[in-house]
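Notes follow once the structure below has been shown.
The values are calculated or read from the model by the stated rules, or taken from the named source; none is laboratory data. Computed from a predicted model, the values in this text were never measured in an experiment. In this analysis, Cβ positions are derived from the backbone assuming ideal geometry, glycine residues included, and neighbour counts consider all displayed protein chains. Just the protein is used for accessible areas: all its heavy atoms, side chains included, with ligands, DNA and RNA removed. Shrake-Rupley method; radii C 1.70, N 1.55, O 1.52, S 1.80 Å.
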Amino acid sequence: MQNSNIDIQNENCANIIKTLQQQGISAIPLNGKRPAFTLKWKQYQHRLPTSVTIDNWLRQKVASYGIICGRVSGGIVVIDFDCPDLYQRFVKKFQNLAKTYTVQTRRGYHLYLKSHIPIPSRQFKNCDVKGEGGYVVGAGSVVDNHQYAVMLDRPIVELA
């Protein structure tokens with residue numbers, strides 16, 4: 001039964017990565033939260049993986065995938081809240097920005113935005129900004145028996 005679940009999860013990740021690539025979003029397979037099978041992922045900060053590359057990746061078992069942030073993925077920037085209270089304060093203060101695609105993580109939330117200006121990744125206490133040079137675990141991924149789940153399925157808000 002467990003192998004069947006792994007096969008289903010692998011197929012889900014394969015389909016998601018292929019769909020994202022078709023939408024112009026760079027995605028890579030992960031092992032937990034790290035790039036899978038010693039993948040040299042930094043090249044995908046500048047170009048999308050090909051369909052052949054994706055097929056080769058997904059011949060191996062994959063239970064999670066990452067979305068590369070930044071220009072390569074249409075300017076995606078993700079605010080990674082590791083503290084639910086901080087996320088709630090953000091939502092109250094920036095209601096318009098909070099009406100965007102949001103994923104519930106094991107410890108908090110990923111709030112997706114788009115920017116026409118490159119935004120570098122930065123780390124803060126209980127919150128990271130994932131932009132150029134960063135990636136996040138994508139919705140549907142399973143890490144440490146926790147599935148990253150879409151909490152708010154809305155179009156990604158563009159920053160002015």
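Quick notes on this one:
- Segment His46-Lys92, extension gain: residue separation times 0.36 nm, minus the distance between their alpha carbons: 13.1 nm
- Placing Lys93, Lys61 in order of accessible area, with the largest value first and a 1.4 Å probe, yields Lys93, Lys61.
- Accessible surface calculations at 1.4 Å, restricted to protein heavy atoms, place the stretch 26-160 at 55 Å² per residue.
- Between 0 and 90°, nearest 10: helix 2-22 axis offset from the chain longest Cα axis: 60 degrees
- For the stretch 11-57, the equivalent ellipsoid derived from the Cα gyration tensor has semi-axes of 15, 13, 9 Å, listed largest first.
- With every protein chain in place, the chain: carbon and sulfur % of accessible area (1.4 Å): 50 percent
- Between 0 and 90°, nearest 10: helix 84-93 axis offset from the chain longest Cα axis: 50 degrees
- Per the Debye calculation on the stretch 42-112 with a single equal scatterer at every Cα and no solvent contribution, log₁₀ I(q)/I(0) for q = 0.18, 0.29 Å⁻¹ amounts to -0.83, -1.27.
- About the Cα centre, charge dipole magnitude for the stretch 1-156 (Lys/Arg +1, Asp/Glu -1 at Cβ), debye: 440 debye
- Cross-link partners of Lys130 among lysines (Cα-Cα below 20 Å; sequence separation of 8 or more within a chain): Lys33, Lys40, Lys42, Lys99, Lys114
- Placing a pseudo-label 7 Å from each Cα along the Cα-to-Cβ vector at Gln147 and Asp85 gives an inter-label distance of 3.1 nm.
- Isotropic mean projected area of the C-alpha convex hull, the chain (nm²): 9.2 nm²
- Computed helical MRE - 222 nm, the chain, DSSP H runs ≥ 4 contributing -39500 (n - 2.57), nearest 500: -7500 deg cm²/dmol
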